[in-house]
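The values are calculated or read from the model by the stated rules, or taken from the named source; none is laboratory data. Note that the structure is a prediction, hence the values are computed from the model and not measured. Cβ atoms come from the backbone with ideal geometry, glycine included; neighbour counts cover every protein chain shown. Accessible surface areas use protein heavy atoms only, side chains included; no ligands, DNA or RNA. Shrake-Rupley method; radii C 1.70, N 1.55, O 1.52, S 1.80 Å.
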Amino acid sequence: QVQLVESGGGLVQPGESLRLSCTASRSIFSIDTLGWYRQAPGEQRELVATVTRDYTTNYADSVKGRFTISRDNAKNTVYLQMNSLKPEDTAAYYCYAYIRPFGNYWGQGTQVTISL
């Protein structure tokens, strides 16, 4: 098992940047996949980005070229660097970890709001 704690959300203007962090309660070295989802009010939760043990990354089309996911195994932390933010990026962002054979673990979420 693992507990995940997100931080770094906030209110910024369009075009600005934020970096989200997700720190795990144990080593993430052996965790198969780490990632971020987001959920806007009235919408389904959607995948934003993932990074695997071998550092392979995957992004939603809507964030490609603007967001970068990375993992620092030494700090037990996964990051989401978000640049050129748009109002449609407004959502609660959730960190998750997929651990075989147990399944997905989720953080509590951090709110990101993009507004003038």
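Results, tabulated for the structure shown:
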item: Surface accessible to a 1.4 Å probe, Arg26 within the full protein complex, Å²; result: 70
item: Accessible surface of Glu88 - all protein chains present, 1.4 Å probe, nearest 10 Å²; result: 130
item: Percent RCO, i.e. relative contact order, over the range 1-97, from Cα pairs under 8 Å lying at least 6 residues apart; result: 36
item: By accessible area with a 1.4 Å probe, ligands and nucleic acids excluded, highest first: order of Lys75, Lys86; result: Lys75, Lys86
item: Accessible surface of the chain [probe 1.4 Å, protein heavy atoms]: carbon and sulfur percent; result: 47
item: Nearest-10 value in Å² for the accessible area of Asp61, using the 1.4 Å probe; result: 130
item: Sequence-separation-based contact order of the range 58-101, relative, with Cα cut under 8 Å and 6+ spacing, percent; result: 27
item: Accessible surface, the chain, averaged per residue in Å² (probe 1.4 Å); result: 53
item: The range 48-65 - phi-based ³J(HN,Hα) in whole Hz, Karplus 6.51/-1.76/1.60, Gly and Pro as x; result: 9, 6, 9, 9, 9, 4, 8, 6, 6, 10, 9, 9, 5, 4, 5, 10, 4, x
item: Ranking by accessible area, most exposed first, for Tyr93, Tyr59 with a 1.4 Å probe; result: Tyr59, Tyr93
item: Neighbourhood net charge (10 Å Cβ-Cβ; Lys/Arg +1, Asp/Glu -1) for Asp89; result: +2
item: Separation of the Asp61 and Glu16 label points, Cα + 7 Å toward Cβ, nm; result: 3.0
item: Size of the chain as Cα extents on the principal axes (Å, biggest first); result: 42, 26, 23
item: Estimated vicinal HN-Hα couplings, Hz - the range 4-13 in sequence order (Karplus 6.51, -1.76, 1.60; Gly, Pro = x); result: 10, 10, 8, 7, x, x, x, 10, 9, 8
